[in-house]
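Trainee: Here it is: the structure, laid out below.
The values are calculated or read from the model by the stated rules, or taken from the named source; none is laboratory data. Just so it is clear, the structure is predicted and the values come from calculations on it, not from any experiment. Positions of Cβ are generated from backbone atoms using ideal geometry, with glycine treated the same way; all protein chains shown enter the neighbour counts. For the accessible areas, the whole protein counts, side chains as well, though only heavy atoms, and no ligand, DNA or RNA atoms are used. Shrake-Rupley method; radii C 1.70, N 1.55, O 1.52, S 1.80 Å.
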Amino acid sequence: AQKVTQAQTEISVVEKEDVTLDCVYETRDTTYYLFWYKQPPSGELVFLIRRNSFDEQNEISGRYSWNFQKSTSSFNFTITASQVVDSAVYFCALSELSGSARQLTFGSGTQLTVLP
Amino acid sequence: DTEVTQTPKHLVMGMTNKKSLKCEQHMGHRAMYWYKQKAKKPPELMFVYSYEKLSINESVPSRFSPECPNSSLLNLHLHALQPEDSALYLCASSPSTSGRSTNEQFFGPGTRLTVL
């Protein structure tokens, strides 16, 4: 079974629409970390946010907001009033213990296209 | 300095060539990573160096040879590659891989490799 599932392969919205990217994870760790990365066409993976498993407070940063729900093992990402520059592939990732070291597992990514 | 740099940005090589990819970070991180990313796929972990020692090798073919000369530098030596090795190669660093860390990884811009 996939540890990080991003069921939406591609999403297309028109500028100024709100869009939510879904992420569902699976882990047996009691302490784990979740991340969202953005990968624009240039290729670089840009870190957006980290969320600790023991902190379920939702977070807002400008037009970005994240909803972490342990009860449903979900960590969803919402972009409000989307812009063309938001077009990119977005990856959700899980950091959990593998032996004594932490490893990052990526979801398959969601390609977001924002049309003008 | 919160940047991970990679050179070259693009590389085209023949199957008999020997080339090297370079990665550098000056954040004092003690863990460095190589990932391979094919189009429309998430990054796949290849190697992890922790405190300049190879700690993880994800069954990567021997035509890829990593090297960590010091805590700031990471190289990937390429020899006798196949066309299917064409991909984006991403380097990342994190403060640590220990269980107490978050394993928050910072990525470089990548090297787009084409093998003819």
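Trainee: Could you pull out the residue among A:GLU26, A:GLU96 that is buried (at least 18 other Cβ atoms within 10 Å of the Cβ), over 11 Å from the mean Cα position of the chain (by Cα) and of a type in the set (D, E, K, R)?
Mentor: Exactly one of A:GLU26, A:GLU96 is buried (at least 18 other Cβ atoms within 10 Å of the Cβ), over 11 Å from the mean Cα position of the chain (by Cα) and of a type in the set (D, E, K, R), namely A:GLU96.
Trainee: Any idea which residue in segment B:72-98 is nearest to the other protein chains (Cβ to nearest Cβ), counting only those that are open to solvent by 30 Å² or more (accessible area, probe 1.4 Å) and closer than 23 Å to A:LEU97 by Cβ?
Mentor: B:SER98
Trainee: Output the residue which, of all residues in segment A:50-69 that are of a type in the set (A, V, I, L, M, F, W, C) and surrounded by fewer than 17 Cβ atoms within 10 Å (Cβ to Cβ), is farthest from B:GLY110 (Cα to Cα).
Mentor: Among those residues, the one meeting the criterion is A:PHE54.
Trainee: Looking at segment B:40-50, which of the residues that are modelled with pLDDT of 90 or more and more than 15 Å from A:PHE91 (Cα to Cα) is nearest to the other protein chains (Cβ to nearest Cβ)?
Mentor: Among those residues, the one meeting the criterion is B:VAL48.
Trainee: Okay, moving on. Go through (1) among the β-branched types (Val, Ile, Thr); (2) closer than 24 Å to B:ALA39 by Cα; (3) surrounded by fewer than 13 Cβ atoms within 10 Å (Cβ to Cβ) and name the single condition A:THR72 misses.
Mentor: Exception for A:THR72: condition (2).
Trainee: Being more than 14 Å from chain A (Cβ to nearest Cβ) and out of contact with any strand residue (DSSP E or B) (no Cβ under 7 Å at 6 or more places or on another chain) is the filter here, so list the residues in segment B:51-67 that pass it.
Mentor: If the condition is that a residue be more than 14 Å from chain A (Cβ to nearest Cβ) and out of contact with any strand residue (DSSP E or B) (no Cβ under 7 Å at 6 or more places or on another chain), then B:SER59, B:PRO61, B:SER62 are the ones that fit.
Trainee: Additional query: Would it be correct to say that B:GLN105 is within 9 Å of chain A (Cβ to nearest Cβ) and more than 10 Å from the chain's Cα centre (by Cα)?
Mentor: For B:GLN105, the condition - within 9 Å of chain A (Cβ to nearest Cβ) and more than 10 Å from the chain's Cα centre (by Cα) - is met.
Trainee: Further question: Which of the strands (runs of 3 or more DSSP E) found entirely inside segment A:34-116 contain at least 1 residues meeting this: within 14 Å of chain B (Cβ to nearest Cβ) and more than 28 Å from B:SER93 (Cβ to Cβ)?
Mentor: In segment A:34-116, A:110-115 are the strands (runs of 3 or more DSSP E) which contain 1 or more residues that are within 14 Å of chain B (Cβ to nearest Cβ) and more than 28 Å from B:SER93 (Cβ to Cβ).
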